[in-house]
Each structure stands twice: as structure tokens, then as C-alpha cells.
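Undergrad: Provided herewith is a single structure, encoded as C-alpha cells, for subsequent inquiry.
The values are calculated or read from the model by the stated rules, or taken from the named source; none is laboratory data. From a predicted model like this one, the values you see are computed outputs, not experimental measurements. Surface areas here come from the heavy atoms of the whole protein model, side chains and all, with no ligands, DNA or RNA. Shrake-Rupley method; radii C 1.70, N 1.55, O 1.52, S 1.80 Å.
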Amino acid sequence: MKNLLVVAATVALALLSIIFLSPWPVWLGTLAAWVTTGSFCLQVMHIVKNKDTSGLSLGMWAALFFGVSCWTWYGHRMGDVPVMAANGITALLALTVIMLKLWHERPMPNPNRRRLVRMPGVILNPRIRRLRPLKASRSSRRD
């Protein structure tokens, strides 16, 4: 029920924003840019809190980083501060997610690995050269 209320409130706020900010497209674009950037900030906070990146696609985050980096440069070249700022922050957040994913999923040495100690007269790694069938006892044979 809570999720349904969140979705309904989000749709209502989006419609109200579109209706009331339509005469000022720069303000509507600025609001959209900051809300979108905020959503990525929430994702980074979730990853830092839970330390779990197993469900994230590295390729998707790399493509997102590439895209928002290009948008950042586009905003810079066009002199569009909202596009440049929001996408620049999103690029940093995407790069943070990529680094966290690589860090949390790096191969770790096994800390519980036992070390074998040589002892005289003890074979630690026996090798079987040839398998022989077990000899059946006389009571288990049927003649």
C-alpha cells in the first residue's frame, strides 16, 4: 500500500509540475534535472549503506556515465548551466557506483585457508596410481 501511495504522489507531483511550470521551460528543465540527479544520489546512498552491488549492471552504469558525461560537455558548450550541473553531478555519482561495484565484487583471498605442515612419515597428498577392486569376504560370496 505504501508503494502505491509513493507512485500516486509522484505522478500527481509530475503532472502539477508540468501544468504550473509550462510557461517557464527553463525552470521545468531545472526541476527535472535536479530530481533526476537526486534519484541517483539515493541509489549511491543505498549502495553505501547495504554494500551490495550484485544486482547492478556494470555495462548499464558505464553507458550511463558515458551519456551524462557527453551531456555535461554539451551543457558546457551551449552555456546551459542546469544541463551541465545536473549531468556533471550524475556523472560523478555514476562513476562512484562503478567504483563501488568494482570494489565490492573484487576477488578476495580466502582467510580460512589452512596451511599444510610437513610431518615426517605422514603422506599429505596421496596419489592413487591404480584402482583395485575390493576383495569380497567368503561369507558374502555366493557360489
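Undergrad: What accessible area, in Å² to the nearest ten, does a 1.4 Å probe give for VAL48?
TA: Around 80 Å² of this residue is reachable by solvent.
Undergrad: Hey, what's segment 43-121 come to in accessible area per residue, 1.4 Å probe, Å²?
TA: That works out to 78 Å² per residue.
Undergrad: Would you kindly calculate the translational diffusion coefficient of segment 10-116, applying Stokes-Einstein with the Kirkwood radius from alpha carbon pairs, for 37 °C and a viscosity of 0.692 mPa s, and quote it in µm² s⁻¹ without decimals?
TA: Here the translational diffusion coefficient equals 205 µm²/s.
Undergrad: Whenever you get a sec, compute what percent of the accessible area on segment 55-104 sits on carbon and sulfur atoms (1.4 Å probe).
TA: Ligands and nucleic acids excluded, carbon and sulfur reach 77 percent.
Undergrad: In square nanometres, what is one fourth of the surface area of the convex hull spanned by the alpha carbons of segment 1-73?
TA: Its Cα hull, projected and averaged over all orientations, spans 6.7 nm².
Undergrad: Give the distance, in whole Å, between the Cα centre of segment 82-103 and the Cα centre of segment 1-61.
TA: Here the two parts' Cα centres lie 15 Å apart.
Undergrad: On to the next question. Taking LYS2 as the anchor, which lysines have their alpha carbon closer than 29 Å to its alpha carbon, excluding any fewer than eight residues away along the same chain?
TA: LYS49, LYS51
Undergrad: Sorted by accessible area with a 1.4 angstrom probe, largest first, how do PHE65, PHE40, PHE20 fall? Mind dumping the intermediate values first?
TA: Working: PHE65 70, PHE40 40, PHE20 135 Å².
The residues order as PHE20, PHE65, PHE40, largest area first.
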